[in-house]
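Here is the structure we will look at.
The values are calculated or read from the model by the stated rules, or taken from the named source; none is laboratory data. All of these numbers come straight from a predicted model, not from anything done at the bench. We place every Cβ from the backbone using ideal geometry, glycine too, and count neighbours over all the protein chains shown. The protein model used for the area step is the full one, side chains on, heavy atoms only, and it has no ligands, DNA or RNA in it. Shrake-Rupley method; radii C 1.70, N 1.55, O 1.52, S 1.80 Å.
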Amino acid sequence: YDVYLAHVYLATTAPTGSPPSPPSLTHPPPPRKLTSVKALSESPGLSSIPSIYTFPKQPNHEPVSDTKEPIPTIDFSLLISSNPDERSKTIRELGKACRDWGFFMVTNHGVPERMMKAMIEVCREFFELTEEEKGECEGKHVLDPIRYGTSFNPSVDKILYWRDYLKIFQHPAFHSPSNPPSFSEIALEYSKRTRGVMKEIVRGISESLGLEDKYIEKASRLENCLQIMVANLYPPCPQPELAMGLAAHTDHGLLTLLIQNDTVGLQVLHKDKWVNIHPIPNSFLVNIGDHIEILSNGKYKSVLHRAVVNDRDVRISIALAHGPAADVAVNPAPMLLEDGQNPLAYPAIKYKEYVELQQSSKLDGKSYLEHIRNRGI
C-alpha cells in the first residue's frame, strides 16, 4: 500500500512540487505494477523522492573517497604466462588480493574494449525501451532465465532501491531479450569471452590455495557453470543522500566480473571503511563470491559492497556472476581440512538452492551465508 501511495504521489505531483492529498481509500488497492525508477526519475517537477525510497542514516562505515592502499591489480597476461616465474608471482599476488580485499582489477585480459563498450551501450538501449517493451521481460520467479524489474525484490523490500535491472541466464543455456535486436549477438560473444577469463582466474585461485589448478573447476563442473548477466541502471536521484542503489551485500557464486560506464558508484567495505572504487579503463573489476568462501573453508572471504547514487549522472554497470553448475553441492575442499586446524565450517548445499533462497530474500549483508555456516554440519 505504501508503494501504491508513493507512485500515486509521484504521478499526481504538480509541477510546483507541492504534494496533493493522498487518495481516500477504504481498502488497500489491488496490487499494481511498480513503475521503473527510470520513469520516476524522469517525472516532471521531481525534487524529492517518495518515502518508500528513503533509507535511514547509517552512522557507521562512513564512505571515504580515497585510500592510501590501492585496490590490487592482476595482470591477466602474466597469470596465463608460459614463464613459470611470472605466473607463480602473479598467483601469489592473486592469493593476497583474495585474502586482503576480496576485490581486484584485472587488466590485459584480452576481451576487446570495443566489445565491452558495445555491451554497455546495448544495455543502455534496453533501458531506453518503452515500459511496455521492457515489461515483456518481466519474470515471475528468481530462476526465470530473463527477468526485468526494479529494486531488488519488491515483494519483501521494505524500502525500495533506486535501481532498475535486467537479469539474463547466459550459460549453460543462452538467453536474450528480443529487443534491442543486436543484444543477442553482442551478449553471446561477450559472455563466451568472459567465461574464458573467469576460468583462468579460478585456476589461479585454486593454485593460490595450494590445490591442484583445476580442483575448483572440476569440483564446480565449470563446463556447465551458471553464468548470469545482471545489467543495472541507476538514474540520477534528486536526493541521493537518502536513497541507495543497492544495500551492502555479497555475491553468490565463485566470481563476479563487472564493467561500468564512467560514473562512479560502487563502494567496497575494506578495513571497516567504505571505499569508492575507480575502475581502470578497459579492465574488469572482479570479486570473489560466497562459494569461493565455502570452497576455501573461509580462507578467502566474500566482501560486502554496495551501490550509491548521485543527482547528476546515469550509472550503468554490467555484472557477470559465475557459479558452479546449478545441481552441484558445494562444500569445502577436503585438502584444506587435513591438518585438523581448520574444522569444516560450511555444510554442502546445492548451488541452485542457494541462489533461489538468497535471491528470494531481502538484501541483508552476508546473512544467508552466515545462516548456512551456523545451521550445523
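If you build a Gaussian network model of the chain, linking Cα atoms that sit under 10 Å apart, which residue out of Q239, Q267, Q227 swings the most?
Result: Q239 has the largest fluctuation of those listed.
How high is the relative contact order of the chain? Use alpha-carbon pairs under 8 Å, at least six apart in sequence, and give a whole percent.
Value for the chain: 19 percent.
Tell me, what HN-Hα J-couplings in whole Hz come from the Karplus equation 6.51 cos²θ - 1.76 cosθ + 1.60 at θ = phi - 60° for each residue of the range 228-238, using x for Gly and Pro?
Running phi through 6.51 cos²θ - 1.76 cosθ + 1.60 with θ = phi - 60° gives 10, 8, 10, 9, 10, 10, 10, x, x, 10, x Hz.
Top mean-square fluctuation among K271, K38, K366, Gaussian network model of the chain, C-alpha springs under 10 Å?
K271
Could you please put S206, S51, S182, S82 in sequence from largest to smallest accessible area, using a 1.4 Å probe?
Solvent-accessible surface, decreasing: S82, S51, S182, S206.
Residues of the range 72-374: accessible area per residue at 1.4 Å, in Å²?
40 Å²
Hey, what do the phi angles of the range 35-46 turn into as Karplus ³J(HN,Hα) couplings, whole Hz, using 6.51/-1.76/1.60 and θ = phi - 60°, x for Gly and Pro?
Values per residue, Gly and Pro as x: 6, 5, 5, 4, 5, 4, 5, 9, 5, x, x, 6 Hz.
Can you compute the helix-only [θ] at 222 nm over the chain? Use -39500 (n - 2.57) per DSSP H run of at least 4 residues, normalise by all residues, nearest 500 deg cm²/dmol.
-9000 deg cm²/dmol
What value in Å³ per residue do you get for the convex hull of the alpha-carbon atoms in the range 72-374?
So the per-residue hull volume is 129 Å³.
Looking at the calculated P(r) for the range 289-328, what percent of the C-alpha pair distances fall above 13 Å?
69 percent
Over the range 172-227, what relative contact order in percent results from Cα pairs under 8 Å that are six or more residues apart?
Reported relative contact order: 32 percent.
Ignoring ligands and nucleic acids, what accessible area does H371 show with a 1.4 Å probe (Å², nearest 10)?
The accessible area of H371 comes to roughly 100 Å².
Quick check: pseudo-label points 7 Å beyond the Cα along Cα→Cβ at E338 and K158, how many nm apart are they?
Result for the modelled spin labels: 4.8 nm.
Could you sort D144, D272 by their accessible area in this structure, using a 1.4 Å probe and putting the largest first?
In descending accessible area the options line up as D272, D144.
Pick from G110, G289, G323: which residue has the top mean-square fluctuation in a GNM of the chain where Cα pairs under 10 Å get a spring?
G110
Given a 1.4 angstrom probe, I'd like the percentage of the accessible area of the range 195-278 that is carbon and sulfur, rounded to a whole number.
It is 46 percent, rounded to a whole number.
How large is the Kirkwood hydrodynamic radius of the range 71-128, counting all unique pairs of alpha carbons, in Å?
About 13.1 Å for the range 71-128.
In terms of modelled amide H atoms, which long-range or inter-chain residues lie less than 5 Å from the amide H of H171?
Q227
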